[in-house]
Amino acid sequence: ALELQYRMAARRGYVPCFEDADTLLMSLASASMIHSWLFSPSSLDPSYVKFLSIQVPVPLPIVDALARMQAGLPIDIVALNKIRAEMKVPLLTIDPLGYDKLPPGEIVHPGQTFLRFFTVSFLSGVKKALPVYLPVFTLPVLLFYPLSLVKAPVKTLSRTLSGVLRSTVFLALYCATGVSTITLLRQFGVTYTNLGRFAHISPAIAGFMSGLATLIEKKSRRIELALYVLGKAIEGRTLQLSRAGMLPNFEGADILVFMGSLSVIMHAYVRHANMLRPSYHSVLCRFFDADNRHVFIKSNDPAEKGEHNTGTDKS
């Protein structure tokens, strides 16, 4: 629904339209989402938090230490030393608030240079992301397009494997960039000791940089990823504002959002069909109507003439 609203507004000149708006949206949404994940994970969906916790390239005690360091809070020395013992690096003997006296990367990647840490994090992310995307791309082919494997096996398999590899690299780079950016910013002085509460900005910057990994994905996938993360970011911020008493908290808000979103989609289906993605348009045609659904509806907007029944615009 948000995508459709933007397309309609851009068509009428109400908002600027540029090629990589989907990537910019992904970066902005990721900035908010990763900030929420580090400082207020309880505001996000538990299953999504679990997914991020699995995909992140460092152990969770280190993630917790990162959040606490940027917030000026004491770190859990005991939990970190358990991790460091497994990594076979010297244990920490500092005060829980003395972390800024250590080298910038000592907490996150002890005994490793920044470049080596980023490389190892990326490769670790590839191993974790591959099982995520392998069924995402293969199951639809097996369930809905089995004949394509028979008629054109090489083309079908190459397209499927290309999608798997592209998305795997995206997710691995997304996660590696997020953690690495925070450690890099600490090397440039973005710490609580230097900036106070403004050190909170580092996860937001890290999220913005992570969102640029979307450029690896196909154009048609970028907006899907951006809108998915945007939904999580809005959910987290809304709950945080509600807990702070800045927004009313009432049951059924998600139902109202669904009703509003569906009204936008159905309006576009009836009046502006070529603004829908072909896949969405096909599903709506199958369940709601036939190709002559616009027979009794005429648009008063000259810019919309000829757009009905096309359904060919690609995102």
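Entry remark, the stretch 59-100: residues being surrounded by fewer than 20 Cβ atoms within 10 Å (Cβ to Cβ) and of a type in the set (S, T, N, Q) number 2 in total. Within the stretch 237-284, the set of residues being aromatic (F, W, Y), assigned to a helix (DSSP H, G or I) and open to solvent by 30 Å² or more (accessible area, probe 1.4 Å) comprises F258, Y280. L184 meets all of the listed conditions (1) surrounded by fewer than 19 Cβ atoms within 10 Å (Cβ to Cβ); (2) more than 14 Å from S30 (Cα to Cα) but one, namely (1).
Is it fair to say A10 is assigned to a helix (DSSP H, G or I), touching a Pro at 6+ places or on another chain (Cβ under 8 Å), open to solvent by 20 Å² or more (accessible area, probe 1.4 Å) and hydrophobic (A, V, I, L, M, F, W, C)? The answer is yes for A10. A152 meets all of the listed conditions (1) open to solvent by 80 Å² or more (accessible area, probe 1.4 Å); (2) over 27 Å from the mean Cα position of the chain (by Cα) but one, namely (1). Note on the stretch 101-128: residues that are surrounded by fewer than 16 Cβ atoms within 10 Å (Cβ to Cβ), touching a residue at least 24 places away in the same chain (Cβ under 8 Å) and of a type outside the set (A, V, I, L, M) amount to 2. Looking at (1) open to solvent by less than 20 Å² (accessible area, probe 1.4 Å); (2) in a helix (DSSP H, G or I); (3) within 19 Å of T177 (Cβ to Cβ); (4) among the aliphatic types (A, V, I, L, M), which is the only condition I54 fails? For I54, the exception is condition (1).
Put simply, of A226, A204, A176 the only residue that is open to solvent by less than 20 Å² (accessible area, probe 1.4 Å), of a type outside the set (D, E, K, R) and within 30 Å of P74 (Cα to Cα) is A176.
The values are calculated or read from the model by the stated rules, or taken from the named source; none is laboratory data. Everything quoted here is computed from the prediction, not taken from an experiment. No Cβ is skipped: glycine too gets one built from the backbone with ideal geometry, and neighbour counts run over all protein chains shown. The protein model used for the area step is the full one, side chains on, heavy atoms only, and it has no ligands, DNA or RNA in it. Shrake-Rupley method; radii C 1.70, N 1.55, O 1.52, S 1.80 Å.
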